[in-house]
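**Student:** Provided herewith is a single structure, encoded as structure tokens, for subsequent inquiry.
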Amino acid sequence: MKRGEPAALAGLEQALGHRFRDPQLLIQATTHSGAGHGRGEPMDNERLEFLGDRVLGLVVAQMLMDRFPKAPEGELGPRLTALVRREALAEVALAIDLGSYLTLSSADAATGARMHPKLLADACEAVIAALYLDGGLQAAGRFIADRWSRQLGAVGIMPVEPKTALQEWAQGHGKPLPSYKVVGSGGKAHDPVFVIEVSVEGLERASATGSSKRSAEKAAALSMLKQLGVVPADAE
């Protein structure tokens, strides 16, 4: 039995916790775009990646809202980003040994592509889509809840990065990205002080100081987030 045929994917079904009614979906999800074209083999997994990304985002967003019922949007956004990033997907793919089930071209297989983070992350998204199409949101959600539970706990203690949070707030409200500029500087050569002002369309500007431009930008972003009520007034 060749890799990619239904019986050869039984171990993957076990890891996913789902028996496919339509095994062809799982075959497609594990077929890389470099394999099978023009030989009558299953379509590759690129379209499934597109769908799986959206399903993952929806389920993880709901998980975050349930886990942090009082967290404002500015705190949820960075956590969502961390949980759906390539590294998070690749970690799950490695945990279920997804790479060993992939159908690759001979050239890709020879170069060790089964362990490539991007390839694994893309395939993991495709598998999530296959679960969704075969078993609905319940099947996909069950797998995501199980495999992302540890990572969800990790982002529970992750500090909110102010500049990222402010950028996501602006984008979420249909505004241009925040703009930062130096409005003052001073101090000694070994102990400089920078004053940074941040502006967002339609909002009152906020400014803050720091020992570097980066730290002053973060402080200014945090100041604006406090004004917006996105983070508590006493947040550091």
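The values are calculated or read from the model by the stated rules, or taken from the named source; none is laboratory data. As the structure is a prediction and not an experimental result, all values here were calculated from the model. Positions of Cβ are backbone-derived with ideal geometry, glycine not excepted, and every protein chain shown enters the neighbour counts.
**Student:** Could you run through region 183-203 and say how many residues are surrounded by 12 or more Cβ atoms within 10 Å (Cβ to Cβ) and either of a type in the set (A, V, I, L, M) or not in a strand (DSSP E or B) (or both)?
**Tutor:** First, pick out the residues of region 183-203 that are surrounded by 12 or more Cβ atoms within 10 Å (Cβ to Cβ): 183-185, 192-201, 203.
Add one more test, that the residue is either of a type in the set (A, V, I, L, M) or not in a strand (DSSP E or B) (or both), and what stays is 183, 193, 195-196, 198, 200-201, 203.
Summing the residues that are surrounded by 12 or more Cβ atoms within 10 Å (Cβ to Cβ) and either of a type in the set (A, V, I, L, M) or not in a strand (DSSP E or B) (or both) in region 183-203 gives 8.
**Student:** A follow-up question, please. Six or more apart or on different chains, Cβ atoms under 6 Å: show the pairs whose first residue is in region 204-218 and assigned to a strand (DSSP E or B) and whose second is of a type in the set (Asp, Glu).
**Tutor:** Ser207/Glu197
**Student:** Looking at Tyr180, Tyr132, which one is outside any helix (DSSP H, G or I) and either touching a Cys at 6+ places or on another chain (Cβ under 8 Å) or of a type in the set (Ser, Thr, Tyr) (or both)?
**Tutor:** The unique qualifying residue is Tyr180.
**Student:** Does Glu13 count as closer than 15 Å to Ala139 by Cβ and surrounded by fewer than 17 Cβ atoms within 10 Å (Cβ to Cβ)?
**Tutor:** It is true that Glu13 is closer than 15 Å to Ala139 by Cβ and surrounded by fewer than 17 Cβ atoms within 10 Å (Cβ to Cβ).
**Student:** With respect to Gly210, determine if the residue is over 18 Å from Lys226 (Cα atoms) and touching a strand residue (DSSP E or B) at 6+ places or on another chain (Cβ under 7 Å).
**Tutor:** When the stated conditions are applied, Gly210 does not pass them.
**Student:** Give all pairs with beta carbons closer than 6 Å in which a residue from region 111-128 that is within 20 Å of Arg47 (Cβ to Cβ) meets a residue that is crowded, with 18+ Cβ neighbours inside 10 Å and β-branched (Val, Ile, Thr); count only pairs at least 6 apart in sequence or on separate chains.
**Tutor:** Cys124/Val92; Ile128/Val55
**Student:** Right, something else. Of all residues in region 204-217, count the ones that are of a type outside the set (Asp, Glu) and crowded, with 20+ Cβ neighbours inside 10 Å.
**Tutor:** Going through region 204-217 one residue at a time, the tally reaches 3.
**Student:** For Ala139, indicate whether it is surrounded by 19 or more Cβ atoms within 10 Å (Cβ to Cβ), at pLDDT below 95 and among the hydrophobic types (A, V, I, L, M, F, W, C).
**Tutor:** no
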